[in-house]
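The values are calculated or read from the model by the stated rules, or taken from the named source; none is laboratory data. On a predicted model such as this, the values are computed, not experimentally measured, just so you know. When we count neighbours, we look across all protein chains shown, and the Cβ atoms used for this are built from the backbone with ideal geometry, even at glycine. The protein model used for the area step is the full one, side chains on, heavy atoms only, and it has no ligands, DNA or RNA in it. Shrake-Rupley method; radii C 1.70, N 1.55, O 1.52, S 1.80 Å.
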Amino acid sequence: MRRAEAGRRAVARTLLLAALAAAGADAARAAPPQEAPEAGYAALRTGAYDDAKRLLERRVKDAPDDHRARRALAEAFVLTGDYRRAREVLEAAPDPVPAANALGEVLLLLGERDAAADRFREAVRAGAADALTAEVNLAETLFLAGEVEESMRRFHRFIDVYNAAGGRLGASDLVAVGRAVRFLGRRDPALFRDALKAFDEAAAAAPDWHEPHLRAGALFLEKYASPEAKEEFQKVLDVNPRHPDALLGMARALAFDQAPGVDALLERALEVNPHHVGARTTRALRLLTAGRLDEARRDVERALEVAPDAPDALAALAAVSFVAGDDGGFRLARARALEVAPRHAGLDIAVARVAERTRRYAEAAERAEAAAALDPEAWEAWGLLGMNLLRLGAIEEGRAHLERAFAGDPYNPWFKNTLDLLDTFEGFETVPSEHFRFFLPAHEAELLATYLVPLAEEAYARLRARYGVEPQTPLRAELYARHADFSVRTLGEAGLGALGVSFLGSTPPAALGFWAGLGQLAAALLAALKGTLAALFALLGLPALGV
C-alpha cells in the first residue's frame, strides 16, 4: 500500500510540474511585446526553452543593447546544447564588453580555452558588471592550464573582496567568491564551509537563480554529503525539471549512493542537451564498468565531437582504451590531455577508478601514482594509491599514502574508516606457512592457525593443479573477528554482503579462476571454521570464539 501510494504521489507531482510548465509556456506565448523579456526569463527559469528562445530573440532584435536579454538568450541555447548559436548571439553584441564573460564561457564549452581566457581578461580589464565572475573563470582556466600558483593567487584575492564588501556583494559575485574559495580548500579544507556559506548567501540574495544551488550541490557531493547534494539539485528540479546540469548532478548523487534511477536521469539530461559533455562522459564511464565497451565508446566519441580537447572527454577516452587493452590509444589520449592541462590529474584518477572497479588493483595503483605525481594536492589520487596498495598487501606503504590523503581531505569517510581499521592491526599476529602468511587476531592466532594452515595449503594445491597457475607467494590471508572490519578492509565501508574476497594485481585471464576459487575458499573456510570451533567450544563448555 505504501509503495502504491508513493507511486500515485510521484505521478501526481510529475503531472503538476508538467501543468505548471505548460501554464508558464502559455503565459509566455500570450505575453505582449513589452512583457516579452520578463516572460522570456520566466520561461528560461522553468525549462520552457523554445518559448524562452522565441521571446528573447524578439527582444534582442528589437533592443540589441539589452545585454541581459542577450546573455539569457545565449543561456537558453547553451542549456539545449546549441553552443555555436549561443556564440553567434554573443559575438553579435554591439558592445563586446558586457558579453565578453558569457562568450568566454561558451568558448570553454567548445574547447577553445585560449580564446576563452582572452574574453575573460577583456571583461576583467574593462570592469564589466560580471568582472568577478570573469576573474574566477580566468583563474579556473589558468589552473587547468597548469598555472597553479598564479591561479591560487587570483583565488586568494576573493577572500579580500568578500571581507571588504561588508555584506554588499550581489548574488553573482557571491557565487564567484564561493567558487574561488572552493579551490582554496585544496590547501585548507576548512574553507569548504566558507564556500558553502557564499553559495547560501547568493541563493538568499537571488531566490529565483539556479546557479547557487547547482554550485552548492556539486560541492556537497564532492565532499561526500550526497543527501545535502540531492536537496540542492532538487530545489532546481522542482522549478525546472528539464535543467540538464541539475539532472546530471542528481544522477551523480544517486550513483554515489548506488541507488537506482541514475541512467534515466542521464537520459533525460541528454534529451534536453545532446551535447552535454558531462552527461556523455558520466554515462560512458558507467557503461564501461558494466562491460558495455562499444556503447561507452560511442558516448565518448560524441563528447569529443563537441569539444575535442575537453579534459573529461579525454579522460573517458583514455578509460575506454584502457579497458579495451589499447595501450597506444590510452597513451595518445593521455598525451592530448596533458597538452591541454599539464598538471591536471583527472584523467589518471578516472582511469584508476575504472581499474579499481574492474578489479585491476595493480593498474589502479599505477595510475593513481601517476595522478599524484602530476598534482601533489590531488588527495583522491593519494587515497586511491593507498587503498590499492593495501589490496596488494603493501600495508605500510599504503597506510602512509592514506594518511597523506586524509590530512588533505579529512571529509573522506573511506580514508578515515580504513585508517581506523589499520590502527587495530597492532592486535594481530602473522603466522607463516609454505604458501601463505596468515594475519590473525593475536589472542586467537595459534588456535585458528591449527585449522587454517592445512585447509588452505590443501586448497592451494588443488586450485594450482586445476588452473595451471603459479601465483607469486607468499599469499597474505587476513581473518577478522568482526564482519564490519572485513567489509572496511575490502571496500572502505561496512555493509559488504560477503564472507570472503580475494584481491589480485595484474592477472592474466587464465588465472582468474584461481583467484575466484581462492575468494570462495576464504568464505568456505570461515564458515567451516566457525561451525567447527562453535561445536568444539560448546563441547568444552567454553565461551564462543569471536570469529
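Past the 28 Å Cα-Cα mark, which pairs from K61/K235; K235/K416; K230/K416; K197/K235; K61/K197?
Numbers: K61/K235 33 Å; K235/K416 31 Å; K230/K416 23 Å; K197/K235 17 Å; K61/K197 39 Å.
Flagged as over cut-off: K61/K235; K235/K416; K61/K197.
Measure off, as a whole percent, the carbon and sulfur share of the 1.4 Å-probe accessible area of segment 39-168, all protein chains present.
Carbon with sulfur: 48 percent of the solvent-accessible area.
Calculate, in whole percent, how much of the Cα-Cα pair population of the chain lies beyond 32 Å. Walk me through the intermediate numbers first.
On the way: 78310 of 149331 pairs.
When every Cα pair of the chain is considered, 52 percent fall beyond 32 Å.
Which value, in Å², gives the accessible area per residue of the chain when a 1.4 Å probe is used on the protein heavy atoms?
Numbers: 25770 Å² over 547 residues.
Heavy-atom accessible area per residue stands at 47 Å².
Take every Cα-Cα pair in segment 167-230 and report what % of them are more than 21 Å apart.
Summing the P(r) of segment 167-230 above 21 Å gives 15 percent of all pairs.
Using only the Cα atoms of segment 238-380, each taken as one equal point scatterer with no solvent, compute I(q) by the Debye sum, divide by I(0), and report log10 of the ratio at q = 0.13 Å⁻¹.
For segment 238-380, the Cα-only Debye profile gives -0.55.
For segment 346-411, what ratio Rg/Rh do Cα atoms give with a Kirkwood hydrodynamic radius?
On the way: Rg = 10.4 Å, Rh = 11.1 Å.
Here the Rg-to-Rh quotient is 0.94.
Nearest 10 degrees, 0 to 90: what angle lies between the long axis of helix 361-374 and the longest principal axis of the chain (Cα atoms)?
40 degrees
Would you please state the base-10 log of I(q)/I(0) at q = 0.11, 0.18 1/Å for segment 125-261, with intensities from the Debye formula using one equal scatterer on every alpha carbon?
Ignoring solvent entirely, the Cα scatterers give -0.41, -1.03.
Just the number: Rg to Rh for segment 23-160, Cα atoms, Kirkwood Rh, two decimals.
Radius of gyration relative to Kirkwood radius: 1.04.
Looking only at segment 411-441, which residues have a backbone nitrogen under 12 Å from a spot 7 Å from the Cα of I395 in the C-beta direction?
Within reach of a label on I395: 422-432, 437-441.
Can you pull the percent of segment 269-335's accessible area that's carbon plus sulfur, 1.4 Å probe, other chains left in place?
About 48 percent, which is the carbon plus sulfur part of the accessible surface.
Within the accessible area of segment 349-427, what % is carbon and sulfur when the probe is 1.4 Å and the other protein chains stay in place?
50 percent
Given H placed 1.01 Å from N in the peptide plane, which residues other than close sequence neighbours of A477 have an amide H under 5 Å from its amide H?
It is R437, F438, F439, by chain and number.
Rounding to the nearest 10 and keeping the result within 0 to 90°, find how far the Cα-based axis of helix 327-340 lies from the longest principal axis of the chain.
The angle comes out at about 40 degrees.
To the nearest 500 deg cm²/dmol, what mean residue ellipticity at 222 nm is calculated for the chain from DSSP H runs of n ≥ 4 alone, each contributing -39,500 (n - 2.57), summed and divided by the residues? The partial results should precede the final answer.
Numbers: 27 runs with 394 residues, N = 547.
Rounded to the nearest 500, it is -23500 deg cm²/dmol.
How much accessible area does H275 have with a 1.4 Å probe, in Å² rounded to the nearest 10?
Solvent-accessible area, nearest 10 Å²: 80 Å².
Using alpha-carbon pairs under 8 Å, 6+ residues apart, how would you state the relative contact order of segment 300-341 in percent?
Value for segment 300-341: 38 percent.
I'd like the Karplus ³J(HN,Hα) series for segment 103-111: coefficients 6.51, -1.76, 1.60, θ = phi - 60°, whole numbers in Hz, and an x wherever there's a Gly or Pro.
Ordered by residue, 3J(HN,Hα) equals 5, x, 5, 5, 4, 4, 5, 8, x Hz.
By DSSP, what percent of the beta bridges with both residues in the chain are antiparallel, rounded to the nearest 5?
Antiparallel: roughly 55 percent of the beta bridges in the chain.
Quick one: how many Å² of E295 are accessible to a 1.4 Å probe, rounded to 10?
Taking all protein chains as shown, E295 has close to 70 Å².
Compute the angle between helix 49-62 and the longest alpha-carbon principal axis of the chain, please, reported from 0 to 90 degrees and rounded to the nearest 10.
On a 0 to 90 degree scale, this one is about 30.
Over the chain, what is the relative contact order in percent, taking alpha-carbon pairs closer than 8 angstrom and at least six residues apart? Don't jump to the answer; show the numbers that get you there.
Working: 806 pairs, mean separation 39.8, N = 547.
That works out to 7 percent.
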